[in-house]
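**Student:** Structure below; questions to follow.
The values are calculated or read from the model by the stated rules, or taken from the named source; none is laboratory data. Just so you know, these numbers come straight off a predicted model, no measurement behind them. Methodologically, a virtual Cβ is constructed for each residue, glycine included, from the backbone with ideal geometry; neighbour enumeration extends over all protein chains shown. Ligands, DNA and RNA are excluded from the accessible area calculation, which covers all protein heavy atoms including side chains. Shrake-Rupley method; radii C 1.70, N 1.55, O 1.52, S 1.80 Å.
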Amino acid sequence: MADLKHRILMVSDFFYPNFGGVENHIYYLSQCLLKLGHKVVVLTHAYGNRSGVRYMTGGLKVYYVPWQPFLMQNTLPTFYGTFPIIRTILLREKVSLVHGHQAFSTLCHEALMHARTMGYKVVFTDHSLYGFADVGSIHMNKVLQFTLADVTRAICVSHTSKENTVLRSGLPPGKVFVIPNAVDTAMFKPAPERLGHNEIVIVVISRLVYRKGADLLVEVIPEVCRLYPNVRFIVGGDGPKRVRLEEMREKHSLQDRVEMLGAVPHASVRSVLISGHIFLNSSLTEAFCIAILEAASCGLLTVSTRVGGVPEVLPDDMIVLAEPDPHDMVRAIKNAISILPKIDPQVMHDRMKGLYNWNDVAKRTEIVYNRALKCSDQSLLERLSRYLSCGAWAGKLFCLVMIIDFLLWRLLELWQPAKDIEEVPDVVLPCDQDGEKIIQKIYNQVDH
């Protein structure tokens, strides 16, 4: 249709019904891009019996391709096995630009590689921070260097994340844009009545894994409970470190002061947050923490470790930062408790409305798309020269992979010419003009 500006294929292994920061980002961004008049299609792998084509709120079309994840919701790397179906989807949906999300996602890397072979412009969003020393990070950084060697534009969710991505991939900084995440302030609202301060409730909602600092909580919680008899903790989340927290609770006899909720459905996160005064984030690494935005939107004062892009998320008067050390975290919680009477949840919520908005994120992403599509097309030889610069041995290997991919594309063109692939009609559903209403409808559908 003439009024559709871009036809975007969002690609990631991480999408609904799985819940997380990447999944929320793709969903909300897609909905707001649809509202701006673009066509958006999502490509992900099957989740259980959820396979095939599904339609979500606002006409968002999702391809759940019949590949099952083999590790941490990632599909098995095949390099070329995904090419036929990705090519078919690109042609059927008349896609103009491919947007991949998350460096962990195997499907994202393969889709961007095949799209570039076919001449599409591609954009990549990095949602995580990586190190440089351990074996896993070294291999992951090499994969990222391969993918981003030929990417048209890249987006990071914080300035710290941008620096990290540029260092890991060797991507020119001019190609990388910083667009933060956002929060649905219509959904995350403070409690109708302010909580009293006779009992102070500290809320933790996080995956209970090493990277999220669960081991720090094991040391911080008993010390805070010892110093403040009127403090109670609510811990939401599940993971391999949950056993350690339960052992800590038993050891210090804190069963009546530390409530373990287990995994919390996203629809119930607000009801947990508004029962507390302080939100505690103990992550050891974080590119951008959406959980902090959700807590601040609900009027909670945040205490967080000073890691990654976290210092960029909130103004200084809305967050108390600490080093990822138990003693410093206890100090930060003491400071937060002392300034708690000055915090007005409604004022904090109103400020969050002005700071973070998904419609603003979509408009800024739209600018990146426009710039990506203005880039000149490049021949195979020009693209191969970029891969050669990735290393003495790695560069040659990357070139070989791309040459084989190009030959496979030509073979697919002979086997099933593009003109023989039927194009699907566009389906545009009416939606409300009020941004808050459309976001509310998104949540209602996902929750039910």
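**Student:** Which order do the peptides 82-89, 150-157 take when ranked by the mean count of other beta-carbon atoms within 10 Å per residue, highest first?
**Tutor:** Highest to lowest by the protection proxy: 150-157, 82-89.
**Student:** Among K251, K353, K162, which one moves the most in a GNM of the chain with springs linking Cα atoms closer than 10 Å?
**Tutor:** K251
**Student:** Right, next: May I ask which residue of F398, L384, Y369 lies farthest towards the positive end of the charge dipole of the range 347-418, with charges of +1 (Lys, Arg) and -1 (Asp, Glu) on Cβ and the Cα centre as origin?
**Tutor:** Positive-end residue among those listed: Y369.
**Student:** Given a 1.4 Å probe and every protein chain left where it sits, what share in percent of the accessible area of the chain is carbon and sulfur?
**Tutor:** Carbon with sulfur: 57 percent of the solvent-accessible area.
**Student:** Let me check I have the definition right: for the chain, take the eigenvalues of the Cα gyration tensor, multiply each by 5, take square roots. What are those semi-axes in whole Å, largest first?
**Tutor:** 41, 24, 19
**Student:** How do 281-288, 368-375 rank on mean C-beta neighbours within 10 Å, highest first?
**Tutor:** Descending mean neighbour count gives 281-288, 368-375.
**Student:** Another one. If packing is taken as the average number of other Cβ atoms within 10 Å across a peptide's residues, how do 133-139, 314-320, 387-393 rank, most packed first?
**Tutor:** Answer by packing, highest mean first, reads 314-320, 387-393, 133-139.
**Student:** Oh, and also: Given a 1.4 angstrom probe, what's the average accessible area per residue across the range 200-355, in square angstrom?
**Tutor:** I get 40 Å² per residue for the range 200-355.
**Student:** Between 0 and 90 degrees, rounded to the nearest ten: what's the tilt of helix 326-339 against the longest Cα principal axis of the chain?
**Tutor:** So the helix axis and the longest Cα principal axis differ by about 70 degrees.
**Student:** Looking at the range 200-355 from every direction and averaging, what is the projected area of its Cα convex hull in nm²?
**Tutor:** Computing the convex hull of the Cα atoms and averaging its projections yields 8.2 nm².
**Student:** A further question on this structure: Show me, for the range 305-317, the HN-Hα J-couplings you get by feeding each phi into the Karplus relation (A = 6.51, B = -1.76, C = 1.60, θ = phi - 60°), rounded to Hz, glycine and proline as x.
**Tutor:** Per-residue couplings from phi come out as 5, 8, 9, x, x, 4, x, 7, 6, 10, x, 4, 7 Hz.
**Student:** Report the one residue of L71, V123, T88 whose Cα lies farthest in the direction of the positive end of the charge dipole of the range 64-131 (charges on C-beta: Lys and Arg +1, Asp and Glu -1; origin at the Cα centre).
**Tutor:** Comparing the listed Cα positions along the dipole, T88 ranks first.
**Student:** Once every DSSP H run of n ≥ 4 in the chain is given -39500 (n - 2.57) and the sum is divided by its residues, what mean residue ellipticity at 222 nm do you get, rounded to the nearest 500 deg cm²/dmol?
**Tutor:** Dividing the helical sum by the residues of the chain leaves -13000 deg cm²/dmol.
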